[in-house]
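Take a look at the structure below.
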Amino acid sequence: MTITVNTRPENWLVVGLGNPGPDYELTRHNVGFMVVDELARRWGITVSRTECRSLIGQKTSEGGNLELVKPQTYMNLSGEAVSCLLRKDERDVSRTIIIVDDLAIPFGTVRLRRKGSDGGHNGLKSLTACLKTENYARLRIGIKPDHPLTNSRKFVLERFPKGSFGILEEIVETAANAVEVMIEDGIERAMSRFNS
């Protein structure tokens with residue numbers, strides 16, 4: 001899908017949650033960053049400008065702005081970066097999409113929600129605390145394993161095994177497609193298409 005921005009005169013903030021630095025690349029907790037990278041590739045955006053302790057890339061037209069964001073605060077302080085960005089008049093939480101990993105969802109699935117609880121996710125806890133609302137759209141990407149976990153913190157900070165890279169690529173593509181549908185056609189249509 002080609003995002004044209006000017007089909008809808010709105011500004012969108014698309015935020016992938018993760019941890020900065022090479023030590024965290026390809027870890028399960030950084031799947032939000034991976035989706036932002038895929039969207040940047042599709043939209044021809046470089047995510048490198050710094051603002052509010054985040055890396056940002058932007059696509060602008062007469063119809064509005066699309067901004068891709070990778071907070072650099074580490075996962076547990078993500079809300080500080082996002083709330084800082086949302087203090088600017090041209091940005092609105094109602095047109096913000098948060099992309100995040102989710103241990104409660106099986107690996108290989110994505111789920112869209114208009115709002116909701118943090119579900120025990122520290123990145124979402126930080127967002128809700130700093131934004132003082134649960135009313136923000138989130139795209140949750142399942143990383144739940146098919147075996148019981150004894151240490152969930154260790155698990156989310158581990159790299160995806162090489163054997164799962166094929167599925168991971170498909171998941172990232174599907175999540176990026178879901179973001180595009182949300183922007184172009186609205187969250188209800190995206191939910192009906194991707195939550196099935």
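All of the numbers you see were taken from the coordinates with simple rules; none came from a lab. The model shown is predicted, which means the values in this text are computed figures rather than measured ones. When we count neighbours, we look across all protein chains shown, and the Cβ atoms used for this are built from the backbone with ideal geometry, even at glycine.
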Checklist entry - Could you work out the helix-only [θ] at 222 nm for the chain, with each DSSP H run of four or more residues adding -39,500 (n - 2.57) and the total divided by the number of residues, to the nearest 500 deg cm²/dmol? => result -10000 deg cm²/dmol
Next on the checklist: Suppose R0 equals 22 Å. What FRET efficiency, 1/(1 + (r/R0)^6) with r the Cβ-Cβ distance, do Leu26 and Thr50 give to the nearest 0.05?
Outcome noted: 0.45
Checklist entry - Under a Cβ-Cβ limit of 4.7 Å, which cysteines in the chain have nobody to pair with? => result Cys130
Checklist entry - Cα to Cα, under 19 Å, and not fewer than 8 places away if on the same chain: which aspartates and glutamates meet these conditions relative to Lys154? => result Asp23, Glu25, Asp101, Asp102, Asp146
Checklist outcome for this item: With Cα coordinates, the longest principal axis of the chain makes an angle with the long axis of helix 122-131, in degrees rounded to 10, of 30 degrees
Item to check | Rounded to 10°, Cα long-axis angle of helix 165-185 versus longest principal axis of the chain | outcome: 30 degrees
Checklist entry - In degrees from 0 to 90, rounded to the nearest 10, what is the angle of the helix 31-43 Cα long axis to the longest principal axis of the chain? => result 40 degrees
Checklist entry - Scattering from the C-alpha atoms of the chain alone, worked out with Debye: what is log10 I(q)/I(0) at q = 0.08, 0.14 1/Å? => result -0.23, -0.73
Item to check | Hits among lysines - C-alpha to C-alpha of Lys88 under 23 Å, sequence gap 8 or more where chains match | outcome: Lys59, Lys70, Lys115, Lys125, Lys132
Item to check | Distance in nm between pseudo-label sites at Thr133 and Asp118 (7 Å out along the Cβ direction from Cα) | outcome: 1.8 nm
Checklist entry - What ranking do Ile56, Ile187 get, fewest neighbouring Cβ atoms within 10 angstrom at the top? => result Ile187, Ile56
